Number of protein chains: 2
Amino acid sequence: MKIVIFGTGNVATVLGRKFKSAGHDILQVVGRNAKEASALAYELDTISTVYKSAIDKGADLYLIAVSDHAITSVIDNLYLPGKVMAHTAASVPKEVLKSVSSHYGVFYPLQSLRKEMKEIPEIPVFYEGNDDETKLMLGRLADSISPGNVVHADGDMRAKLHVAAVFVSNFTNHLYALAADYCRKEGIDFRQLQPLLEETATRIRDNAPGSVQTGPALRRDSETIQKHLALLKDHPQMKNLYLLLTESIQQMG
Amino acid sequence: MKIVIFGTGNVATVLGRKFKSAGHDILQVVGRNAKEASALAYELDTISTVYKSAIDKGADLYLIAVSDHAITSVIDNLYLPGKVMAHTAASVPKEVLKSVSSHYGVFYPLQSLRKEMKEIPEIPVFYEGNDDETKLMLGRLADSISPGNVVHADGDMRAKLHVAAVFVSNFTNHLYALAADYCRKEGIDFRQLQPLLEETATRIRDNAPGSVQTGPALRRDSETIQKHLALLKDHPQMKNLYLLLTESIQQMG
């Protein structure tokens, strides 16, 4: 497939690499910053441009892989009639691309992608398109980089997935960050917790998370809970969350 | 090392397996429930008893691997003078074993251990002892099952580690459970989130969690936050946590 990529950030970079290794032809990288665009183009063995007027018209697919709020400026004054267009944003409706082409959709990779990653993890892809041609093309592209891990999903489902993703990724990472901060202040090596937190994530491959819940909150061990709250007396933000999450576990359990 | 294990639960079972594969000699399994004790003894190629009077006096180490509140009943009327004793509980001081022997300590495995696990993950061990003999023996035992992953830690440090563990394991698992529940109710396949939540855990091997925080909370994307709160209107428990964790991220960021 011949692809033009808009964007030079984490999503554009990692998807670009995946497309390239799947054998697709990246015709061009389009970016606001000339240096970043040419750096990514160099890595993907292609050329770059900062000008909308210089966009290659020969691609099968134009993928806008930029942050949510930047989509508007990318599509401003962009017309690619007859071409298949897609963006990668969870929270943005596909219809935002209507002004650019009559074939538009979304190609949402449900993964935390970073340019720096050496090994690219599994990337479930949720795609949608406004017509069969768009659906077919985006579905094929998704299959080529994530075989067996591709789901057709409308905007409503994508928004709900994003809510769930915020809980299992943004919020858990915040708990990791609080714990790391606590360890640093208390003179403990946070890395000692790495095997535990990885096991907590991997064990739910085969176990519903509700069925493997443990800890003082679930067993209503008020002695340990009180001890922990005392240890958190100089960490008010953590103490507050400890109380609320303990209550939430007991409410669910 | 000759070891007698008290307990037949997750910790006793997994540690028993690790001790056995490290070449130690499990002399006996002591348990309240005869059937469970003999099942674990069978697996560990040894014998079992339910009677304190029948405990083998020939071991180097007596390890009490039972739940916190069960320790008291295990040590009631138990006297093993001159023997090295240890329990595996994060929140219980080593001194609770004083009445049993003059050599006592703690052998705390910082990991989520389950009998059902096929592959045993890395188990960082935090140990302490009231004298050199106890320290030396517990430290050696720890090294034999977790080389390079052993730390001498007093009760205060162990308690703090446990607080951090509650955040990175019990609380994150609760967030997984809430998200799984949400997915089930909204008709989404929770398994699609597995690669993301594993990557969120593994990426902090090489990145401080504070440095890889992302999401609508951190970028103060109030449009997305409002959209998510609307999607959570029938999930009050999650909506409440969404607000609090969003606030906490913004407070930290």
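The values are calculated or read from the model by the stated rules, or taken from the named source; none is laboratory data. Just so we're clear, the structure is a prediction, and the values are computed from it rather than from any experiment. Neighbour counts are summed over all protein chains in view; Cβ atoms, including those assigned to glycine, are modelled from backbone coordinates with ideal geometry.
Within the stretch A:224-238, residues that are within 7 Å of chain B (Cβ to nearest Cβ) have Cβ atoms under 8 Å from residues that are acidic (Asp, Glu) in these pairs: A:224/B:68, counting only partners at least 6 apart in sequence or on another chain. Selection over the stretch A:167-199 of residues that are of a type outside the set (Asp, Glu) and more than 7 Å from every other protein chain (Cβ to nearest Cβ) gives a count of 5. Counting only strands (runs of 3 or more DSSP E) that sit completely within the stretch A:39-87, those holding 2 or more residues that are farther than 21 Å from residue A:153 by Cβ correspond to A:47-49. Of everything in the stretch A:123-156, what is closer than 30 Å to residue B:239 by Cβ and either in contact with a Gly (Cβ under 8 Å, 6 or more places away or on another chain) or among the acidic types (Asp, Glu) (or both)? Give them in sequence order. Within the stretch A:123-156, A:127, A:128, A:152, A:154, A:156 meet the criteria.
The single condition among (1) assigned to a helix (DSSP H, G or I); (2) touching a residue at least 24 places away in the same chain (Cβ under 8 Å); (3) in contact with a helix residue (DSSP H, G or I) (Cβ under 7 Å, 6 or more places away or on another chain); (4) not hydrophobic (A, V, I, L, M, F, W, C) that residue A:140 does not satisfy is (3). Do we have any residue at all in the stretch A:91-102 that's more than 22 Å from the chain's Cα centre (by Cα), outside any loop (DSSP other than H, G, I, E, B) and more than 29 Å from residue A:166 (Cβ to Cβ)? No, because not a single residue in the stretch A:91-102 is more than 22 Å from the chain's Cα centre (by Cα), outside any loop (DSSP other than H, G, I, E, B) and more than 29 Å from residue A:166 (Cβ to Cβ). Residues in the stretch B:118-146 that are within 14 Å of chain A (Cβ to nearest Cβ) and touching a strand residue (DSSP E or B) at 6+ places or on another chain (Cβ under 6 Å): B:123, B:125, B:126, B:127, B:142, B:146. Given the structure, is residue B:230 of a type in the set (Gly, Ala, Ser) and crowded, with 23+ Cβ neighbours inside 10 Å? Taking the combined requirement at face value, the residue does not satisfy it.
Cβ separations smaller than 7 Å between residues 6+ apart or across chains give the following pairs from the stretch A:147-166 residues that are more than 9 Å from chain B (Cβ to nearest Cβ) and surrounded by 20 or more Cβ atoms within 10 Å (Cβ to Cβ) to residues that are aliphatic (A, V, I, L, M) and outside any strand (DSSP E or B): A:150/A:142; A:158/A:90.
The residues listed here are A:165, A:180; of these, the one that is outside the structural domain of residue A:16 (by TED's automatic domain parsing) and touching a Leu at 6+ places or on another chain (Cβ under 7 Å) is A:165. Out of the stretch B:93-110, which residues are within 24 Å of residue B:168 (Cβ to Cβ) and surrounded by 22 or more Cβ atoms within 10 Å (Cβ to Cβ)? Across the stretch B:93-110, the qualifying residues are B:106, B:107, B:108, B:109, B:110.
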